[in-house]
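Down below is the structure, laid out as structure tokens.
What follows draws every value from the coordinates through simple rules; no lab data is involved. This one's a predicted model, so the numbers in the text were calculated from it and none came from an experiment. Every residue, glycine as well, gets a Cβ built from its backbone with ideal geometry; the counts of neighbours run over all protein chains shown.
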Amino acid sequence: MILRTVLMITQKFPPFNGVGVLRVTKFVKYIQDFGWRPVILTCKRQENHLDAVDEKLLDGIPKDLSIYRVNSPSLYDVYRLIGGRAKQGSFSLSKNSLASLIRSLFVPDQYVVWYFTGVRKAREIFQTENIDAIYSTSPRETSHLIGRTLHLKYKRPWIADFRDPWIEKQHRPKRIQPLEQFEKYLERIVLRDADCILAAWPGILRSFESDIKEKSQVLTNGFDEEDFRDLTPHVFSKFTFLYAGSLFRELSPLPMFQALDVLRRTHPKLRQKMQLVLLGRQDAFIRDTIEKYELGPCVHIISQIPHRECLQYMLGADVLTFFVPDKQWIPSKIFEYLRANRPILAIADQDSDAVQIIARVNQGLCFASRDPGHIARYMSNLLRYRKVSDCEIQNNKHLWAFERKQLAKQLAHILDTLVNQV
């Protein structure tokens, strides 16, 4: 089979770890089955950065994959140069005023220097590789600026893939007005010039201008069945509620801690039989909240771990939980939650997009509320009666639509369509 070649531009790629990395990694893993050979343009790993690393993620990609890595000086480097220090797992850009000020000057993101090193390397790639299409993914949005430049120069079809909104995303720094307008301009020309706009969840498209509707579509995140193969569920000594991923104030996790506080005060014996496990990096607000409500004995924080080990924790937990700050955001972890086949506690509105996706897969799988009293009663009932059982998944067509190989097939079809239109 003759394969076409797609240049895939992503700021992070394995051995970097994280949910954002998984999306492009799984596309790379499976897209060759559908007629496309991926070539990767990405950043070198900087040893002094805070990013989690999982070397095993490299095992899941083609051995002959062409990966071009370039230098990418970032905000962290500037911050250090002027006297700041960043300790592993404890540095918070949003809480440090000097770092926040510096961050606000980098448009569209702190890796904007990557635009120049990335475009320069891409010129070499186009001389040695027969590139048929371009795919860029964000965050970081600098990836799209590289994609646009290459699209205009080499006249190849270009897909701009958004895992989060751009201007309306959480944690976007406040900028002075000229820079704010400049970033809006960058978003506008990327959306205008891309041949196709992909979004990981519907709310992203709602944040954009309506005139891109004809060339935009949702291609969700998902789960990789191979990642679950031969996994042994982790054995917990207590009834376990588990959250996987970084956790910070903006995700609105407070009702969960308040519910635990209710249980601590009203059912002290039940509290001793359960635990909340947080997998990943937690910001100062989370740690302070745990201390404020005296939840240390029943909340356990485990720092970043390899992806497959994280799945083992999911499989062994009694209940999986997630937090969403609004009705539109869909955490990528919910698809692995669904495949892990465990009940889900969502700190979310009942009519949120994330809860509605879960309901389409299994109507009774998820309990959703933002009310600490309701959450405490739900947790108490689970602890009292232990009514936690596996759900049917083998014949669930709604679930398997989110399998990573099926999603890569959809991406390949989009690429085929764009190339055939040229």
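Relative to the longest principal axis of the Cα atoms of the chain, the long axis of helix 372-385 makes an angle of roughly 70 degrees. When 281, 265, 377, 229 are sorted by how many other C-beta atoms sit within 10 angstrom of their C-beta, beginning with the fewest, the order is 229, 265, 377, 281.
Here the gap between residue 192 and residue 53, fully extended at 0.36 nm per residue and compared with their Cα-Cα distance, gives a gain of 46.5 nm.
Normalised by 2.2 N^0.38 Å, where N is the number of residues, the alpha-carbon radius of gyration of region 341-387 equals 1.14. Segment residue 363..residue 119, full-extension length gain: 83.1 nm, with 0.36 nm per residue of separation and the alpha-carbon distance subtracted. Once the Cα atoms are used to define both axes, helix 19-31 deviates from the longest principal axis of the chain by about 60 degrees. Counting only the Cα atoms, region 179-256 fills a convex hull of 176 Å³ per residue.
Loop exposure criterion: GluC sites (Glu not before Pro), DSSP state outside H, G, I, E and B, at most 13 other Cβ atoms within 10 Å. Applied to the chain, the longest stretch between such sites is 48-208. In this simple spin-label model, placing a label point 7 Å from the Cα along the Cα-to-Cβ direction at both residue 229 and residue 171 gives a separation of 3.3 nm.
Sequence-ordered 3J(HN,Hα) estimates for region 135-146 from the Karplus curve with 6.51, -1.76 and 1.60 and θ = phi - 60° stand at 10, 10, 9, 9, x, 8, 6, 4, 4, 6, 5, 5 Hz, glycine and proline given as x. Against the chain, whose longest principal axis is taken from its Cα atoms, helix 254-266 shows a tilt of about 10°. Using R₀ = 25 Å, calculate the FRET efficiency as 1/(1 + (r/R₀)^6) where r is the Cβ-Cβ separation of residue 128 and residue 63; round to 0.05. In this case the efficiency is close to 0.85. Put simply, the convex hull of the Cα atoms in region 226-400 casts, on average, a shadow of 9.5 nm².
Using every pair of separate Cα atoms, the Kirkwood estimate puts the hydrodynamic radius of the chain at 22.6 angstrom.
Could you tell me which of the pairs 26/215; 56/292; 184/397; 155/215 are separated by over 28 angstrom between their Cα atoms in the structure shown? Going by Cα-Cα distance, 56/292; 184/397 fall outside the 28 Å limit.
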